Amino acid sequence: MEAPDEQLMTAYRDGDAGAFEKLYLRHKGPLFRFVLRGVYQRSVAEELFQEIWMRVIEARERYAPEARFTTWLYTIAHNRLVDHWRRGAPALVALDEDPPGNPAQDPGRQVEGRESAGRFLAALEALPAAQREAFLLHEEGGLTVAAIARATGSNEEAAKSRLRYAIAKLKAAVDDG
Amino acid sequence: MAEEDRDPKVSQAYRALEREEPPRALDEAILAAARRAVGARPAPLVAPVGRRRWYFPVAAAAVIVLSATVALRIWYEPPEMDGASPEPAPPAGQKRADEPPAARDELRAKTQPGGSQRGVVSGVEPLKDASPPLKEPPRIPESKVEAPAAAPEPKREQGAPRSPESAVTGRLSKESAARPMMQQRAAPEPAEERTRSATVEESPERWLERIAELRRQGRDDEADRQLAEFRKRHPDHKVPEAVLRR
């Protein structure tokens with residue numbers, strides 16, 4: 001049986017580098033995709049991804065296993081994304097609004113969307129950032145509505161609403177195929 | 001998230017997307033940073049670092065090993081004896097009176113795979129070397145000698161330091177030297193034979209004195225028998241007149 005995340009993080013806090021490696025291997029893929037699909041650019045995603053893990057490393061002494069590790073990890077990721085968006089990522093500042101130049105409306109994107117995966121991806125990218133983030137936290141991070149609310153600094157109702165809207169739009173894109 | 005909010009088709013469609021992963025170089029950089037962070041913990045204020053932290057344990061171990069070596073060396077050191085050879089082992093089951101108690105047995109058991117078989121193992125010096133000179137095994141009175149009466153004797157002749165008495169009897173013939181072995185094999189001896197075998201151990205002079213004493217006591221028959229035996233053993237030895245005369 002694999003050790004829980006919280007146990008591994010506590011072990012790393014106490015000096016066990018091997019515990020961090022297990023934790024990293026377990027979460028690197030979902031977290032990377034979460035970041036990548038939040039910023040669109042791979043180079044930026046890699047930079048943010050590294051910053052997030054550095055924050056984890058730096059904050060290990062303050063880690064208290066009261067909350068789930070994934071909630072803590074994606075809270076850090078959320079904050080890094082918000083910082084990134086505030087630094088000037090144009091389309092994603094208004095988190096609950098549709099981004100300008102919605103790729104779902106873009107003819108080029110529509111051509112790509114002829115294939116189901118491309119269409120789904122286009123629909124995902126077309127989501128408002130908050131809705132997309134809620135969906136990605138749910139799919140990649142496995143977070144519950146309550147955990148999504150904590151990670152994004154919102155309340156459960158807002159988190160639940162965002163997630164429902166995201167799923168409804170994505171479902172429409174799947175059904176259209 | 002409530003179960004009613006789940007949509008398997010959406011989840012399945014999302015899972016069908018490419019599963020991007022971070023590049024390996026990024027993995028290594030992050031893991032290295034994690035290891036460095038743990039390794040860079042502040043060290044205790046008084047704990048020695050680097051090579052110095054081994055100084056005390058190594059020095060302590062060296063002192064212990066050296067002390068033990070010197071102690072064992074002293075314990076096993078053979079006494080300075082010219083031409084002395086290791087004393088043969090006492091008969092099995094016979095504990096020497098002057099042997100130190102259990103600790104010594106224990107030490108011997110550790111150093112010799114054969115347990116109490118002293119001198120059997122090469123490379124390990126016999127324990128007696130460092131101990132005070134051992135007493136002769138108590139001599140068994142002739143009257144109490146049983147069948148293997150001569151058993152302790154051959155061991156003493158195999159290289160034990162010679163007593164003054166045995167130095168005198170050094171001229172014993174090969175026959176007399178081999179005799180104890182024959183006696184070992186022999187069945188129970190009659191009393192006369194036992195007496196005779198005991199005289200073998202005497203010096204010729206003492207033997208002759210004893211015969212002369214028998215003459216003085218008027219026990220000529222026994223004196224004659226002893227004389228005959230004496231001549232058989234020491235044909236070249238001059239027999240004094242007092243011994244010959246009845």
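Any read-out appearing in this document is the output of simple, stated calculations on the displayed coordinates, not a laboratory observation. Because the structure is a prediction, the values reported are computed rather than measured. Cβ coordinates were reconstructed from backbone atoms using ideal geometry, including for glycine residues, and neighbour counts include every protein chain displayed.
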Discussion item. Could you list A:TYR63, A:TYR12, A:TYR40 so that the one with the fewest beta carbons within 10 Å of its beta carbon is first and the one with the most is last?
Written reply: A:TYR40, A:TYR63, A:TYR12
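Averaged over its residues, how many other protein chain Cβ atoms are within 10 Å of peptide B:26-32's Cβ atoms? Don't skip to the end; give the middle numbers.
On the way: counts 7, 5, 0, 3, 11, 7, 1.
So the per-residue partner count for this stretch is 5.
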Worksheet item: At a Förster distance of 35 Å, what's the computed FRET efficiency of B:ALA62 paired with A:ALA59, Cβ-Cβ distance as r, to 0.05?
Response: 0.15
Discussion item. At 0.36 nm per residue, and after removing the present C-alpha to C-alpha distance, how many nm does the segment from B:ASP220 to B:ARG6 gain when stretched out fully?
Written reply: 63.9 nm
Worksheet, complete the sentence: Between the modelled labels at B:ARG245 and B:ILE74 (7 Å from Cα along Cα→Cβ) the distance in nm is 6.4 nm
Worksheet item: Each residue of region A:25-34 in order: what ³J(HN,Hα) in whole Hz does its phi give by Karplus 6.51 cos²θ - 1.76 cosθ + 1.60, θ = phi - 60°, with x for Gly and Pro?
Response: 4, 6, 10, 5, x, x, 5, 5, 5, 4
